[in-house]
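A short write-up of the structure that comes next.
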Amino acid sequence: MNSLMEAAVALQRHQREQRDILALTRLHAALLARGLRAEWRDNNSALLVRGPNPGLPVLVTISYGGSHYCWHDDDHRHPTGDPEGAVRALADFLGR
């Protein structure tokens, strides 16, 4: 791969990372507004969400294409364009 192609690949990776961070930032704000605890993990590539009851937290990531929030081994998904709906789905999943 020549240097121009390497630069293009790096730019695409950077743009994808920025898109994912923006989606997670919107979800983080919506979670906090709902009273759910969330903390950044893995170099800002995921959110660790804790419910009100003792138990394991849920790690929320962004699907590779950037279209969905994913959690519980990607068994649960919600469109990134609807962070408030994702909060409701996460709250239901966490039993809140």
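The values are calculated or read from the model by the stated rules, or taken from the named source; none is laboratory data. In this text, all values refer to a predicted model and were calculated from it rather than measured experimentally. Here the Cβ positions follow ideal geometry from the backbone for every residue, glycine too, while neighbour counts run over all protein chains shown.
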Subset tally (residues that are touching a helix residue (DSSP H, G or I) at 6+ places or on another chain (Cβ under 7 Å) and either farther than 14 Å from Leu90 by Cα or at pLDDT 95 or above (or both)) for the range 21-37: 4
Mind checking whether some residue in the range 81-92 is of a type outside the set (S, T, N, Q), assigned to a loop (DSSP other than H, G, I, E, B) and within 14 Å of Ala23 (Cβ to Cβ)? yes
Which one is surrounded by the most Cβ atoms within 10 Å (Cβ to Cβ) among residues in the range 56-80 that are over 20 Å from Arg16 (Cβ atoms) and without any contact (Cβ under 8 Å) to a residue 12 or more places away in the chain? Pro57
Cys70: passes all of (1) assigned to a helix (DSSP H, G or I); (2) in contact with a Lys or Arg (Cβ under 6 Å, 6 or more places away or on another chain) but (1)
Members of the range 13-51 found to be assigned to a strand (DSSP E or B) and hydrophobic (A, V, I, L, M, F, W, C), listed by number: Ala38, Trp40, Ala46, Leu47, Leu48, Val49
